[in-house]
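Here's the structure we're looking at; comments come further down.
The values are calculated or read from the model by the stated rules, or taken from the named source; none is laboratory data. In this text, all values refer to a predicted model and were calculated from it rather than measured experimentally. Glycine also receives a Cβ, built like all others from the backbone with ideal geometry; neighbour counts cover every protein chain displayed. For accessibility, only protein heavy atoms count, side chains too; no ligands or nucleic acids. Shrake-Rupley method; radii C 1.70, N 1.55, O 1.52, S 1.80 Å.
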Amino acid sequence: MFTVEQRDALRERVLRLARDDERVVAGAAVGSLAVGGGDRFSDLDLTFGVAEQARVVDVLADWTQTLIDELAAVQLAELERGPTTYRVFLLPDLLQLDLSMTPAAEFRPAGPRFRLLFGETASSGSESPSPSVAGDLFISTPTVAEDVFGWGVIYAVYARTCIERGRVWQAEHYVGAVRDHALSLACLRQGLSAVQARGYDDLSAETLARFQDGHICTVEPGALRAALAGSVLALLREGAEARLLHAHVIAERLAELGRP
């Protein structure tokens, strides 16, 4: 597990990237660490505004390469919400970086957990959040093996954090999500529908047997850890069989989660 010092060092490195990139004109901390409510398990969430003459996609591409080359980061997922593009990275020791970028003209708080670090927000420059809107119950995931695997890894890290925090029902939700993403990968591998679990019951008996240890019998920490370990092992096995890029690196980083 990463240390607070490792997380702080990553924060300073990403902010230095921003200071050295003239295309980036504003930056903010978001999430629990932005308002002093984080803990040693909190991941790092940073968001940036990109100058009008530059393209978000180009800045993200350059930063992604730097993170890969210098910090051995692995990109797990990309998500677009309105004008903002999010990328999630996993670094050694299960340190997760949530990086997002928005055109400067639309760079403003999306919620109360936002702390401006440099530059200005759009319009009046106020840090007051935009009116809140109801979020989605689930994050939409394309039925593409790389996306399914990446989100499964993200949920595995979330599950472990929830267990450590004593948030057992939230942990139960995420452990189930890891198992479901592994099952969905198995469906894709066997040419079955991965949408809404339609292909689960048509998986081979041999494949389904791999998921026996992923069942959650009670929301007790030990049982949750055991189910998470079983689900993670199933996810990693499916990632390897699909020959996904970086699956072996992810397996090394999630090795701890594969032990109950």
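Values as computed for the structure displayed
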quantity	calculated
Dipole moment magnitude, nearest 20 debye, the chain about Cα centre, only Lys, Arg, Asp, Glu C-beta charged	420 debye
Volume per residue that the Cα convex hull of region 1-131 spans, once the total is divided by residue count, Å³	99 Å³
Under-5 Å amide H pairs with residue 76, H placed in peptide plane, nonlocal only	88, 89, 90
Unit charges on C-beta of K, R, D, E only; dipole of region 1-52, Debye	80 debye
Ordering of 47-56, 190-199 by burial proxy (mean other Cβ atoms within 10 Å per residue, highest first)	47-56, 190-199
Relative contact order for the chain, counting Cα pairs under 8 Å that sit 6 or more residues apart, in percent	15 percent
Peptide ranges 18-30, 203-215 listed from the most packed, as the mean C-beta count within 10 angstrom indicates	18-30, 203-215
Amide H contacts under 5 Å for residue 24, placed H, 5+ residues apart	51
Mean Cβ neighbour count within 10 Å, used as a protection proxy, ranking 169-181, 57-69 highest first	169-181, 57-69
Mean accessible surface per residue for the chain, computed with a 1.4 Å probe while every protein chain stays in place, in Å²	50 Å²
Gyration tensor (alpha-carbon) shape descriptor, region 34-102, a/c threshold 1.5	oblate
Accessible area of region 9-137 belonging to carbon and sulfur atoms, whole % at 1.4 Å probe	49 percent
